[in-house]
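Asker: Pasting in a structure now, in structure tokens, and then I'll have a few things to ask.
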Amino acid sequence: MKVSVISLAALVGVAAAGAIPIRAANSSSNLATFVPEFGVTQGNQPDGKGNCLGANGVKIPCNCPPARDAFLAQLNKNVKAGLAFPTDNSKGSSCIRANSLVKTVQDLKCPVAATPNVSTLQKQNCG
């Protein structure tokens, strides 16, 4: 019986050591390496009704996309609060990061359409 308990403890230790880190020690500069340029400029061709022109002719709020510094600050805040943002290069981690970027865009009251490169990243890694 002692052998079984020791073996189980060893297996649990191995499994835990191989787990994907959900929150790595991220700094704002480290997070920035995973954030693409948004692909749209804020305030492009306003229509006078609060809408501006986004990618592919889609109307987006004129205050979107957020400034990169504001986006990175919100992403850093979200990660510190527990939002998953793994930093390895696996397909699963890329999908988790893309979803976390989308959540952060939405936290800043911008539609995902305001950040077409983030949207594309999500489709490529999660679809």
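Asker: Run the simple label-point estimate for N30 and K91 please: 7 Å along Cα→C-beta, distance reported in nm.
Answerer: Rounded to a tenth, the inter-label distance reads 2.6 nm.
Asker: Quick one: dipole size for region 21-126, taken about the Cα centre, charges +1 on Lys/Arg Cβ and -1 on Asp/Glu Cβ, in debye to the nearest 20.
Answerer: Here region 21-126 has a charge dipole of around 220 debye.
Asker: Long-range amide H contacts for G54: which residues qualify at under 5 Å (H placed 1.01 Å from N, peptide plane, sequence gap of 5 or more or a different chain)?
Answerer: K59, I60
Asker: Under a crude label model (7 Å from the Cα following the beta-carbon direction), how far is T41 from D107 in nanometres?
Answerer: Using points 7 Å along Cα→Cβ, the separation is 2.9 nm.
Asker: To the nearest 0.05, what FRET efficiency results for N125 and K49 with a Förster distance of 30 Å applied to their C-beta separation?
Answerer: 0.30
Read-outs throughout are calculated quantities, based only on the coordinates presented, and are distinct from any laboratory measurement. As the structure is a computational prediction, the values presented were derived from the model and not from experiment. Methodologically, a virtual Cβ is constructed for each residue, glycine included, from the backbone with ideal geometry; neighbour enumeration extends over all protein chains shown.
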